[in-house]
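As structure tokens, the structure follows; a few thoughts come after it.
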Amino acid sequence: MKVAVLAVQGAFIEHQKKLENLGVSCIELRKKDDLEENFDGLILPGGESTVQGKLLKELGMYPLLKEKIVCGMPVLATCAGLILLAEKLTNDQHVYFGTLPVKVKRNAYGRQLGSFHTEQEMKGIGKVPMTFIRAPYIEEVGDGVEILSSVKGKIVAVKCGVQYGMAFHPELDRDNRIHEMFLDTVRNSS
């Protein structure tokens, strides 16, 4: 099993370290040619969604990645990655991949000062640490979307088929259960 991590901007190194600690082979997706390598799952990391979206298009990676996602490749999208997957954004006219039927509000908790850490229940896992940094949240979910977790009445984690969208950064905490849940999905979909 091999998992690709989008590595054009953002917290991709932290996801790679998490995968390596779990004994999973991973590759960095930095340019269009990297998409020719075989991989079984994809992580879209946190960072700056506008920059990531722009780079995906400029580097010619966007159509190939979207095709893989549409064809059923498992995806774990965290923070900015959630914004990239979302079908609709409340406070931004851009839509990137648009494969996850949710409406997301960018920077929903405010600027950097609105960042916070908490522990909340995650469906199927139990209580997990959650680090929110200039985080979005999910305002609405569409058909087939399972809500995995909410914080203060706001949806922060969902699953739809083999796509996971999370408003926080599981790669920044020591707990591995979210990545393990995603890897189980990758194994089961191969």
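Structure summary
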item	result
The chain - percent relative contact order, Cα under 8 Å, separation 6 or more	19
Relative packing of 159-169, 51-61, which averages over residues the other C-beta atoms within 10 Å, highest first	159-169, 51-61
Projected area, mean over directions - the stretch 130-187, Cα convex hull, nm²	4.2
Quarter of Cα convex hull surface for the stretch 25-100, i.e. mean projection, nm²	4.8
Unsatisfied cross-links (Cα-Cα over 21 Å) in the set Lys57/Lys159; Lys2/Lys66; Lys31/Lys57	Lys57/Lys159
Magnitude of the charge dipole, the chain, Cβ model with Lys/Arg +1 and Asp/Glu -1, debye to 20	440
Beta bridges per DSSP with both ends in the chain, % antiparallel, nearest 5	55
Difference of contour (0.36 nm per residue) and Cα-Cα distance, Thr50 to Ile125	23.9 nm
Given charges at Cβ of Lys, Arg, Asp, Glu: the chain dipole, positive-most of Val24, Phe97, Phe116	Phe116
Förster radius 30 Å - calculated FRET efficiency between His117 and Glu36 (Cβ-Cβ, nearest 0.05)	0.20
Proximal lysines to Lys154, defined as alpha-carbon separation beneath 23 angstrom and excluding residues fewer than eight positions away on the same chain	Lys88, Lys103, Lys105, Lys123, Lys127
Per-selection Rg to Rh, the chain - Cα, Kirkwood hydrodynamic radius	0.92
For the stretch 87-190, projected area of the alpha-carbon convex hull averaged over all directions, nm²	6.8
Environment charge at Gly124 (Cβ cut-off 13 Å; Lys +1, Arg +1, Asp -1, Glu -1)	0
Residue order, fewest to most beta carbons within 10 Å, for Leu64, Leu35, Leu84	Leu64, Leu35, Leu84
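Only the coordinates and a few stated rules stand behind these numbers; no lab work does. All values reported here derive from a predicted model rather than from experimental measurement. Every residue, glycine among them, receives a Cβ derived from its backbone with ideal geometry; neighbour counts consider all protein chains shown.
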